[in-house]
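The next block holds one structure in the form of structure tokens; read it before the comments.
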Amino acid sequence: MSVTSLTVSASNPISNYDLRKVLDKLGHKLKPEEEPDYLVLLQALDESVESVMNLPDYVPTSDIERFPRKNVNYPKPEENTHGGWAWKCTIQDTKPNNGPLSGKRIVIKDNIAVSGVDCLLGTSMFTGWKPTVDATVVTRILEAGGTITGKAVCENLSLGATSFSAATGPVHNPFARGYSTGGSSSGCGLLIASGEADMGMGGDQGGSVRIPASWCGLFGLKPTFGLVPYTGIAPLEPTIDHTGPMTRSCLDNAILLKSVAGRDDLDDRCAGAPLPSELPDYPGTLFAMKDADMPLKGFKIGMVKEGFEICKKGGLNDPRVGVKVQEAAEKWRELGAVVEDVSIPMHDLGATLWVCIARMGSLPVLWGGMSGRSGYQMTELTKKMHNIRTEEGWDNTPWSPKNMILNGTYLWDKHPELYGKAINQIRRLRTIYDEALSRYNVLVMPTIPYLPTTHAPPEASVLEKISRSLGQIFNTSPFNATGHPSLSMPVGMLPAREDKNIRFPVGLQITGRHMDEMSIYKAAFAWEAKFDWKEL
């Protein structure tokens, strides 16, 4: 250990009270004769860090002149009948721009920073956070000619797989009011599926792009870990943070990915990713496939047995979903693909491993800290997050973040080695998936093992609210932990169990090798071109 100075000014504010306050937090004491020395060290530290605290923050620049913020407003109730809008605005290039996103109306999940537009993060635990920086994906969308039309509701602190936890109120499924869109990118799911936006960027730590894509009938991609920069997006747990495109067609998804992907040299998650100029031509490759009679000749697809069996395990799980997805997967044979069953027994453990990592790894962020990354840090958000430590902040924190904090605190105290052990087991699981993917181009399974659930009423108990999403991330969360790219696509419709007059989309999840989004897109595009999911 080294210190920069032991010189302490006479006006230094640190006293024995501050030292003892730190000791109380640690639950320890010092020998009386050592206390004066440790006090000097603490005082010297305070003076040293003060020089850093007085520096202006060093942040990426945002071109507000080229991309001005216009018509920024909180939507009126009549403009937000299904609850999907967090903020409305109009942001587009002031220069002539015929880029790949020209003419597209794009919404941004409200955990993604847009300079000059309030970021609610779905919570009332804090208010008044207005970022001063555009996330990398926002800048790239604007540079590609897209028009950002607003921020889409994010479930509370990105911790809701259903869509009734946001402080702004529930987000209703576009196919039936009163039902969940899935979360936490709930607003994106609703606004894109209903046609109020053409495409959007969601966030995905455990399935939060793919879950609303599945329940709203969209194509939602969680890219390979690090392929799309997470710069300027509220973090949750650094090893599972992803952002990805949500669209109504596979081709649009590929166009949006091509526009936002590639390392930005700010987010250290992107260290192994190609530069934007080095990316495959996702849309061009798909366009070249469109007239082929057998576009998937020689392509091999593995149907993961364990991913289908979860649909049969009672509770919310719905066997009809597994049957529908299997029927859809078998249709790839008509396009030239080989479709086979494959067993990956450790897949059953994937969601539990994710729980260990998410509960323990998110605690530093949720409890008002940072996640230890070396990229751009949103320090203003960090200060806002500290409000959760106040009585008012804690009272305004809903069930899911509270549960994460309680669980994480308990696990670090009871099993401090668990996080590391789970990380090690994820490496094992990644190797097992990779072995299967050495034999198959992609792996498939149901995205979610059941159909959308109804919103829990505000007065419902904590357990009743959480019960609306039990087992929802069984097939999605493992790939957040292993980093494999996964896409949910719509492959059919099923009637709700409780009301046969309501029909909901069914999502099929395609998972590929690291940095091989192209194979996923080929499978999805070929299927979409041949079959109409709304008629199946």
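The values are calculated or read from the model by the stated rules, or taken from the named source; none is laboratory data. Every value quoted in this text rests on a predicted model; they were computed, and no experiment measured them. All Cβ positions, even for glycine, are placed from backbone atoms using ideal geometry, and neighbour counts span all protein chains on display. Accessible surface is based on the protein model in full, side chains and every heavy atom, while ligands, DNA and RNA are left aside. Shrake-Rupley method; radii C 1.70, N 1.55, O 1.52, S 1.80 Å.
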If you average the alpha carbon positions of the stretch 218-267 and of the stretch 1-26, how far apart do those two centres end up, in angstrom? 43 Å
Over the stretch 186-285, what relative contact order in percent results from Cα pairs under 8 Å that are six or more residues apart? 27 percent
So, in Å, what gap is there between the alpha-carbon centers of the stretch 287-314 and the stretch 165-186? 29 Å
What percent does the relative contact order of the stretch 5-71 come to when contacts are Cα pairs within less than 8 Å and at least six residues apart? 45 percent
Taking protein heavy atoms only, a 1.4 Å probe, and rounding to whole percent, the accessible area of the stretch 143-232 owed to carbon and sulfur comes out at 47 percent
Under 16 Å between alpha carbons, and skipping anything fewer than 8 positions from K258 in its own chain: which lysines qualify? K104, K222, K522
Quick note, the chain: a/c under 1.5 would make it rounded; otherwise a/b > b/c is prolate and the rest oblate (a ≥ b ≥ c, C-alpha gyration tensor); here it is prolate
Ranked from highest to lowest mean number of other Cβ atoms within 10 Å per residue, what is the order of the peptides 214-223, 445-454, 256-265? 214-223, 445-454, 256-265
So what is the 222 nm mean residue ellipticity for the chain from helices alone, if each DSSP H run of at least 4 adds -39500 (n - 2.57) and you divide by all residues, rounding to the nearest 500 deg cm²/dmol? -10000 deg cm²/dmol
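Please work out the average accessible area per residue across the chain, using the 1.4 Å probe convention, and give it in Å².
Heavy-atom SASA per residue in the chain reads 42 Å².
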Express in nm, to one decimal, how much length is gained between T390 and S194 on full extension, taking 0.36 nm for each residue of separation and deducting their alpha carbon distance. 66.7 nm
Summed over the other residues with a beta carbon less than 14 angstrom from that of F164, with K and R at +1 and D and E at -1, the charge totals 0
Given Cα pairs under 8 Å that are at least 6 residues apart, what percent is the relative contact order of the stretch 255-357? 25 percent
Output ordering of 317-324, 418-425 (per-residue mean of other Cβ within 10 Å, highest first) is 317-324, 418-425
Take the alpha carbon atoms of the stretch 469-492, find their center, do the same for the stretch 51-102, and report the distance between the two centers in whole angstrom. 30 Å
Can you classify the stretch 98-196 as rounded, prolate or oblate using the Cα gyration tensor, where a ≥ b ≥ c are the square roots of its eigenvalues, rounded means a/c under 1.5, and otherwise it's prolate if a/b beats b/c and oblate if not? oblate
Percent of C-alpha pairs per 5 Å bin, the stretch 391-536, short to long: 2, 8, 12, 14, 15, 15, 13, 11, 7, 3, 1, 0
Please give the contour-minus-distance gain from E78 to R320: 0.36 nm per residue of separation, less the Cα-Cα distance, rounded to one decimal in nm. 83.4 nm
If exposed GluC sites (Glu not before Pro) are those in a DSSP loop with at most 14 other Cβ within 10 Å, what is the longest stretch of the chain that has none? 66-416
Accessible surface ranking that places the most exposed of I426, I502 first, with a 1.4 angstrom probe: I502, I426
Please work out the FRET efficiency for the pair D57 and N12, using the Cβ-Cβ distance as r and a Förster radius of 22 Å; give the result to the nearest 0.05. 0.30
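Could you tally the net charge around G27, taking each other residue with its Cβ under 15 Å from the Cβ of G27, Lys/Arg +1 and Asp/Glu -1?
+2
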Of the peptides 91-102, 485-496, how do they stack up when ordered by the mean number of other Cβ atoms within 10 Å, highest first? 485-496, 91-102
